[in-house]
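Asks: Dropping a structure here in structure tokens format, bear with me for questions.
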Amino acid sequence: MNLVNRVPIGQYVPGNSVLHRCDPRSKLIGTCLFLILVFLANTPLSMIVAALVCFVGIGISRVPILYVLRGLKPALWIIVLTALLQLFMNEEGRLLFTWKFLQIHEQGVRDAVFVSARIILLMMTASLLTLTTSPIQLTDGLESVFSPLKRVGFPAHELALMMSISLRFIPTLMEETEKIAKAQMSRGASFSSGSLIKRVQSMLPIIVPLFVQSFRRAEELAFAMEARGYRGGVGRTKYRQLRYGVVDVGLGVVIMVVAVVIIVFRT
Amino acid sequence: MDIRFEEVGYTYGKATPFEQRALREMSLSIPYGQYVAVIGHTGSGKSTLIQMLNGLLAPTEGTMAIGDFILPVKKKKGLEVLRQKVGLAFQYPEYQLFEETVRKDVAFGLVNMGLPTEMIAGRADAALRLVGLDPDKVGEKSPFALSGGQMRRVALAGVLVMDPQVLVLDEPTAGLDPAGHKEILEMVARIHRTEKRTTVLVTHSMEDAALYADYLYVLNEGQLWMEGTPADVFCDPKRIRAAGLDLPDITQFIMQFNERLKAEPLSIKPLPYDIFDSEKLANEISHRFGRKGGVRR
Amino acid sequence: MRGKTRRMAVLSLLSAIGFLLMFIEIQLPMFPMFLKLGISEIPALVGATLFGPLAGVIVELIKNILHGILYSQDSMGVGELSNFIAGSTFVVVSVWFMKLMRESKLGYWVGTITGTIVMAAVMGIANYFIFIPAYGVLLNKSVPEIVAWSQLANSSITSLWALILYAVLPFNLIKGVIEAIITYPIYQRLRPIIKTVSQ
Amino acid sequence: MSGSIIIRLTDVSFAYEGADERAVKGVSFEVKQGEFLSIIGHNGSGKSTLAKMLNGLLLPVEGVVEVNGAVTVDEERIWDVRQTVGMVFQNPDNQFVAPTVEDDIAFGMENLGVPPEEMEVRIMDALEKVHMTAYRQAEPNRLSGGQKQRVAIAGILAIRPAVLVLDEATAMLDPRGRREVLDVVHRMNRELGMTVIQITHYLEETLASDRIIVIDNGSKVGEGMPSEVYQRVDWLRSLGLDVPFASGLQDRLQKKGLSFPGLEMTTEGVLDRLWTSALKK
Ligand SMILES: Nc1ncnc2c1ncn2[C@@H]1O[C@H](COP(=O)(O)OP(=O)(O)OP(=O)(O)O)[C@@H](O)[C@H]1O
Ligand SMILES: Nc1ncnc2c1ncn2[C@@H]1O[C@H](COP(=O)(O)OP(=O)(O)OP(=O)(O)O)[C@@H](O)[C@H]1O
Ligand SMILES: [Mg+2]
Ligand SMILES: [Mg+2]
């Protein structure tokens, strides 16, 4: 047991809000549709509608807004870069500001604001999905969404099971990595000096045992699975049943309304 | 290389929501050359404690001294030297083997020390012999081609090769059969005797702790709960049990023996509590019950 | 049957390793921020070596879906999608050549270099048809407008293909080659171990 | 029902691919319904290989393994065999398939096609039996080793097998975890009449079994009740094994000339003997 283990991976915040209780399939599909709509929204009005829906979503999810904002951090630079590009590269509209060769035009400001808002909105929506849906639910949802493709030979069950196994072993492997690293450090290994090649080579004492151990684990895991009667997806039932409920209908209606607004007001 | 802890504490994930205090207010001192055992239930802080011994973890409270090294340190520089002097073998050390040959793996620590190549080979072979392996037979094999018990030995050789002044072992016999178990512990005891180093053994086996160590540290919920010679520690069954531990079989036997003696007196002396070796115990008993010594009513 | 469960278990664990390795990517100084170098292709390479090219694709797929599921807002799937396309192409082509050349050292280099070239080409196509147009929609700009912007940075960029030729291709080529180099020692070391697993 | 033979091995051998020597050589024995059987042997003696043949995870290269009348090589019946013989392995981490306790317990039932409503009931039932009800939603990395092993046992109980095989299921646990697991297993054996086959290096754990089988280098070299097997102290030591404390002490006392007819398995028994002999004088 160690620290990495105690810090949950991913962003899921357990809860019991309406959004938490939504079927993962409708959340997956809903989020995708919503993202496409935000892409298509190109008037301020439709953007405001979309933003409103998103913020209401965050509100009823009861997820602390801080968590949502924190999710924006990794992409901050992309937002800034894009905004700057829009700001300085646009030469339409009134000239607002000049300094040396830099010029800011009215349309540039408008575009910068609009595009930044769009990116932020996209990210928040995507965040909201993972904040309110546990990875297991998402895997189940994905399996279910893609299971019609089983008929054409797409291994939806196998992929979902493998994803869930991977997910389950990530903390275990993190813990193991830390253990191996400590053991090698006890033998005088150091991991952070020299050129790129040197640095990668210094990771050998960790990576090789990690792979060796993983092969062992896989071997034992396969035995354990078959000992419990695993024989592929045929004839298998599922413990976690996905069921659409009233909430999902509500979600569908909301998305539909947003779609109508955005498409009608699209220029 | 005396070891001294003064009010040492360790908290994982300090200042995060996942804060976990694993050790608290621990003061102890291990004189050079002693064989000590650290016992305690799961999560009592044993692994945390031994990781501090070679600077893998720095105390978050208090200070500790290992020879001339004072921890926590400002710079990380001296830590490599400390790690050479304090050899640490984790649980299942064979899981860290990675080199192409046994020799190379054993020599890993020496290579990291920057020793000249000529010296390295000789010392690696010596370490292999020390753990009872024949370097000519296994030296050029892949470590992954060995049996579990041999891998364990190779991994231990990889720690011993640095010639540490303090040897720390976290459950070195986990998963071994009775013979392998005994061989490893006898080997450690032999190395302790001949090389005159400090040995720290972490174990869940009360029998091993009592049999091999001069001095015991009992941890409970991150605190130093008891310390003393095996006889001192194990003559207080209540306190030991309160720490979630039990007495060695042999001590339990002696206690029952002496209780029986009280209930159904025979004209013999009670058994002393400082016996942890079955052979010795058998001697004591046969003295009392044998034909010559004989029991008189 | 036994083989199939084992294969699934091995690929699951390889995907988990791949996922973890995605977090130790190295940012090259002086390069644009999205040129990150890593060794997260190794598990897929190992998987493909063990069970064939499709296995490599599966490892790439799972690793990226997991990343998408756990950290969806990082790039809203765009990063994962491009990592998946690039990684799979690289792994499939590399391993195909390695197998062809009987896993010799030369085979590794021929494989990974060809893999890099094919990967760069595929990424060029993907950028032409997917990523750059999508970026345009995101920015509310048409593709010619993006090309015009890029022209300011480099005057020879006069069309979308030129943009890809001057920006996307070199980018992926450098990334692929450097990754092939840093992956080499690790992959070589794992090879004998892979042999014992494949028995 | 109790007493009928549930597993029968006849001259069973196994060789791993590419290995020079057979890992299991001509082993025969029978297991009765409701029996508690222990298997001991040195590292690499072939215990795990043998165990994996009991439910057809490995198929013998020679000889026959019969479970409830079905031979394990019969592909038609292999799933019946696996449902009859449940198995818990050594490393608690490597048999935890799903991301939470309840999903993991459900895994075996999903494979058997148990309807979801029924699973619900069986999960609660199994969790109760192993005293883990409070951990239903827990993730494996928040459990101790002993708890993980109890979840593994619950996952087996949920598929309602007749036989439970434990391959060093306590090897990686601390004394407390070991006791937790053993308590559960013994209770299953006593109260549900479940047949238990246990492999272990902790000889004290075998004292309460009905029978012990000793394996050396792939062959069965001994068999009997604990009191019979642990009499042969020197022989066991020569096999890389040992004897539990009480037996070892009696052996030493005997060698020092104290007469000890028969063998006592507990310290109380030893004391009784000592006192009787003293009082007789
Ligand atoms: N990396 C870590 N992050 C957070 N908490 C930790 C970490 N490592 C250990 N702990 C906690 O610190 C306490 C002491 O753990 P430690 O590993 O030292 O116990 P231990 O006595 O070695 O147990 P075991 O007998 O199981 O090996 C435990 O409560 C444990 O959960
Ligand atoms: N997958 C394998 N491939 C080849 N040989 C193997 C394999 N697994 C085990 N063996 C060999 O078969 C023999 C018996 O191994 P097995 O694991 O059954 O022993 P064991 O009695 O369970 O040992 P332990 O007490 O260490 O668990 C050993 O010599 C071992 O090296
Ligand atoms: Mg520990
Ligand atoms: Mg075994």
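A short reminder: the numbers here are calculations on the coordinates, not readings from a lab. Just so you know, these numbers come straight off a predicted model, no measurement behind them. Neighbour counts run over all protein chains shown; Cβ positions are idealised from the backbone, glycine included.
Asks: For every other residue with a beta carbon closer than 14 angstrom to the beta carbon of C:Asn172, add +1 if it is Lys or Arg and -1 if Asp or Glu, then tell me the sum. Present the calculation step by step, with values, prior to reporting the outcome.
Replies: Numbers: positive: C:Lys36, C:Lys175; negative: C:Glu41, C:Glu179.
It works out to a net charge of 0.
Asks: Shifting gears a bit: Tell me, what is the percent relative contact order of the range C:56-129, built from C-alpha pairs under 8 Å that lie six or more residues apart?
Replies: Details: 65 pairs, mean separation 21.8, N = 74.
Over the range C:56-129, the number comes to 29 percent.
Asks: Less than 10 Å Cβ to Cβ from B:Leu56, Lys/Arg counted +1 and Asp/Glu -1: what total charge do the surrounding residues give? If you can, show how the numbers build up before the last one.
Replies: Numbers: positive: A:Lys182, B:Arg83; negative: none.
Cβ neighbours under 10 Å give a net charge of +2.
Asks: What translational diffusion coefficient, in µm²/s and rounded to a whole number, does the Stokes-Einstein relation yield for chain B at 10 °C and a viscosity of 1.306 mPa s, taking the hydrodynamic radius as the Kirkwood radius over Cα pairs? Mind dumping the intermediate values first?
Replies: Details: Rh = 20.9 Å.
Calculated translational D: 76 µm²/s.
Asks: With only alpha-carbon atoms counted, please give the Rg and Dmax of the range C:67-199, in Å.
Replies: Values for the range C:67-199 (Cα only, Rg and Dmax): 17.9, 57 Å.
Asks: Using alpha-carbon positions, what is the distance between the centroids of the range B:163-183 and the range A:13-38, in Å?
Replies: If you average the Cα positions of each part, the centres end up 53 Å apart.
Asks: In terms of Cα to Cα distance under 21 Å, which lysines are near enough to A:Lys182, apart from those fewer than 8 places away along the same chain?
Replies: Cross-link targets: A:Lys198, B:Lys14, B:Lys46, B:Lys74, B:Lys75, B:Lys76, B:Lys77, B:Lys85, B:Lys104.
Asks: Moving to a separate point now. How large is Rg over Rh for the range B:251-290, taking Rg from the Cα atoms and Rh as the Kirkwood inverse mean of 1/r across Cα pairs?
Replies: On the way: Rg = 9.7 Å, Rh = 10.3 Å.
With Rg and the Kirkwood Rh in hand, the quotient comes to 0.94.
Asks: Below 12 angstrom from the Cβ of A:Asp248, what's the summed charge of the other residues (Lys, Arg +1; Asp, Glu -1)?
Replies: Numbers: positive: A:Arg21, A:Arg25, A:Lys27, A:Arg243; negative: A:Asp23.
So the surrounding residues net to +3.
Asks: At 0.36 nm per residue, and after removing the present C-alpha to C-alpha distance, how many nm does the segment from A:Arg266 to A:Ile197 gain when stretched out fully? Before the final figure, lay out each step's value.
Replies: Details: separation 69, 0.36 × 69 = 24.84 nm, distance 5.23 nm.
Once the chain is fully extended between A:Arg266 and A:Ile197, it gains 19.6 nm.
Asks: When the Karplus curve 6.51 cos²θ - 1.76 cosθ + 1.60 is applied with θ = phi - 60°, which whole-Hz ³J(HN,Hα) does each residue of the range B:147-160 get, with x for Gly and Pro?
Replies: With coefficients 6.51, -1.76 and 1.60, one gets 6, x, x, 5, 4, 4, 5, 4, 4, 5, 4, x, 8, 5 Hz.
Asks: Evaluate the distance, in nm, between pseudo-label points positioned 7 Å from the Cα of A:Val113 and of D:Met225 along their respective Cα→Cβ axes.
Replies: Computed distance between label sites A:Val113 and D:Met225 equals 9.2 nm.
Asks: Give a quick list of GluC sites (Glu not before Pro) in the range B:127-187 that DSSP marks as loop, anything other than H, G, I, E or B, with at most 15 other Cβ atoms within 10 Å. Present the calculation step by step, with values, prior to reporting the outcome.
Replies: Working: sites: B:Glu140, B:Glu183, B:Glu186; in loops: B:Glu140.
Those that pass, being in a loop and sparsely packed, are B:Glu140.
Asks: For the range D:5-238, report the % of Cα-Cα distances exceeding 32 Å.
Replies: On the way: 4805 of 27261 pairs.
The share of Cα pairs beyond 32 Å in the range D:5-238 comes to 18 percent.
Asks: I'd like the FRET efficiency for D:Phe260 and C:Ile125, computed as 1/(1 + (r/R0)^6) with the beta carbon distance as r and R0 of 56 Å, rounded to 0.05.
Replies: Working: r = 86 Å, r/R0 = 1.53.
For R0 = 56 Å, the calculated efficiency reads 0.05.
Asks: Report, by chain and number, residues whose modeled amide H sits under 5 Å from the one on D:Val88, excluding near sequence neighbours (fewer than 5 apart, same chain).
Replies: D:Val165, D:Leu166, D:Asp167
Asks: Report relative contact order for the range B:1-141 in percent, whole number only (criteria: Cα-Cα under 8 Å, sequence separation at least 6). Kindly include the intermediate steps, with their values, before the conclusion.
Replies: Details: 169 pairs, mean separation 27.6, N = 141.
Over the range B:1-141, the number comes to 20 percent.
Asks: Would you give the gap between the C-alpha center of the range B:192-262 and the C-alpha center of the range D:140-218, rounded to a whole Å?
Replies: Cα centroid of the range B:192-262 versus Cα centroid of the range D:140-218: 27 Å apart.
Asks: Would you please state the base-10 log of I(q)/I(0) at q = 0.14, 0.30, 0.33 1/Å for the range D:4-49, with intensities from the Debye formula using one equal scatterer on every alpha carbon?
Replies: At q = 0.14, 0.30, 0.33 Å⁻¹ the computed log10 ratios are -0.42, -1.15, -1.21.
Asks: Please compute, for the alpha-carbon atoms of the protein assembly as shown, the extent along each of the three principal axes and give them in descending order in Å.
Replies: Taking max minus min along each principal axis of the Cα atoms, the protein assembly as shown gives 119, 70, 57 Å.
Asks: Additional query: List, in the order given, every pair from A:Lys150/D:Lys148; C:Lys195/D:Lys25; D:Lys52/D:Lys148; B:Lys141/D:Lys47 whose Cα-Cα distance in the structure shown is over 30 Å.
Replies: Details: A:Lys150/D:Lys148 34 Å; C:Lys195/D:Lys25 27 Å; D:Lys52/D:Lys148 21 Å; B:Lys141/D:Lys47 26 Å.
Flagged as over cut-off: A:Lys150/D:Lys148.
Asks: Let me ask another. Short version: ³J(HN,Hα) in whole Hz for each residue of the range B:27-44, in order, from phi by Karplus 6.51 cos²θ - 1.76 cosθ + 1.60 (θ = phi - 60°), x for Gly and Pro, what are they?
Replies: 10, 7, 9, 10, x, 4, x, 8, 9, 10, 10, 10, 10, x, 6, 4, x, 7
Asks: Would you calculate a helix-derived [θ] at 222 nm for chain B, using -39,500 (n - 2.57) for each DSSP H run of n ≥ 4 and dividing by the full residue count, to the nearest 500? Don't skip to the end; give the middle numbers.
Replies: Working: 12 runs with 121 residues, N = 297.
Counting only the DSSP helices, I get -12000 deg cm²/dmol.
Asks: Within 10 Å of each Cβ in B:176-184, how many Cβ atoms from other chains are there, averaged over the peptide? Walk me through the numbers on the way to the answer.
Replies: Details: counts 5, 12, 13, 10, 5, 4, 3, 1, 0.
Going residue by residue through B:176-184 and averaging, the value is 6.
Asks: Take the Cβ-Cβ distance between B:Asn258 and B:Glu227 as r, set R0 to 22 Å, and report the resulting FRET efficiency rounded to the nearest 0.05.
Replies: On the way: r = 24 Å, r/R0 = 1.11.
For R0 = 22 Å, the calculated efficiency reads 0.35.
Asks: For the range A:10-130, what is the convex hull (Cα atoms) projected area averaged across all directions, in square nanometres? Display every interim value, and only then the final one.
Replies: Working: hull surface 33.4 nm².
For the range A:10-130, the mean projected area of the Cα convex hull comes to 8.4 nm².
Asks: Whole-Hz ³J(HN,Hα) for each residue in the range C:37-52, computed from phi via Karplus 6.51 cos²θ - 1.76 cosθ + 1.60 with θ = phi - 60°, x for glycine and proline: what do you get?
Replies: 10, x, 10, 7, 7, 4, x, 5, 4, 5, x, 5, 5, 6, 10, x
Asks: Evaluate E = 1/(1 + (r/R0)^6) for C:Glu145 and B:Val111, where r is the Cβ-Cβ distance and R0 equals 41 Å; express this FRET efficiency to the nearest 0.05. Intermediate results must be reported in sequence, preceding the final value.
Replies: On the way: r = 57 Å, r/R0 = 1.40.
Result of the calculation: an efficiency of 0.10.
Asks: Assuming a ≥ b ≥ c are the square roots of the Cα gyration tensor eigenvalues, decide whether chain A counts as rounded (a/c under 1.5), prolate (otherwise, with a/b larger than b/c) or oblate.
Replies: Working: a/c = 2.58, a/b = 1.33, b/c = 1.94.
The shape class here is oblate.
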